[in-house]
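First comes the structure, then the notes that go with it.
The values are calculated or read from the model by the stated rules, or taken from the named source; none is laboratory data. The structure displayed is predicted, hence computed values, not measured ones. So basically every Cβ, Gly included, is an ideal-geometry build from the backbone, and we count neighbours across all protein chains shown.
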Amino acid sequence: MSFRKTSVIVVAIAATLTGFWLYAGSSAQGSDPTAAGIGTADAVQVVLRAGKPTIIEFGANNCVSCREMKPILHALAQDARIAVADVDILKEREYIGKYQIRLMPTQVFYNAQGVETGRHMGKISAEAILANLGMTPATVTTDAIKPKAAL
């Protein structure tokens, strides 16, 4: 065999072994939240333990739509009837597979029992979020979360 063919075979074997190693590591992480580098518990599960209708947004700080959602989520977090969490999936990549995130931002809605009731991908209004949670905008003032005009 020539040197070139031998090099190609060695590189292919190394890539295959690296792939198996990465796959084995990620599948072990999926079964145990503490092994996934999330800390002592999955942050989503911690928020769901509050026993309130919950919205979890999966996004990233470098995503424009995700940044535009932050004031809306902050305003909704002031409503004591619901729980709100924002997960940066570029910093916490294990959440992408665990919660099957396909687009940023993705909002996942849960009822008070912690059961997923729906999803939305992209930007969404505070009113639509509350409607997905089965709530009315009693304590959330949407005037404070309207985007400002561009300068």
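Considering only residues of the stretch 114-134 that are over 17 Å from P71 (Cβ atoms) and in contact (Cβ under 8 Å) with a residue 24 or more places away in the chain, which is nearest to the chain's Cα centre (by Cα)? Among those that are over 17 Å from P71 (Cβ atoms) and in contact (Cβ under 8 Å) with a residue 24 or more places away in the chain, it is G114.
Conditions tested, residue by residue: (1) closer than 21 Å to R49 by Cα; (2) among the charged types (D, E, K, R); (3) outside the structural domain of I72 (by TED's automatic domain parsing).
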site: E94; (1), (2), (3): yes, yes, no
site: R102; (1), (2), (3): no, yes, no
site: P105; (1), (2), (3): no, no, no
site: Q113; (1), (2), (3): yes, no, no
site: M121; (1), (2), (3): no, no, no
site: I124; (1), (2), (3): no, no, no
site: A128; (1), (2), (3): no, no, no
site: N132; (1), (2), (3): yes, no, no
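When restricted to residues that are outside any strand (DSSP E or B) and either free of Cβ contacts under 8 Å to residues at least 40 places away in the same chain or within 8 Å of the chain's Cα centre (by Cα) (or both), the stretch 80-96 contains 6.
Within the stretch 16-74, the set of residues being modelled with pLDDT of 50 or more, assigned to a loop (DSSP other than H, G, I, E, B) and over 22 Å from L103 (Cα atoms) comprises A41, R49, A50, G51, K52, P53.
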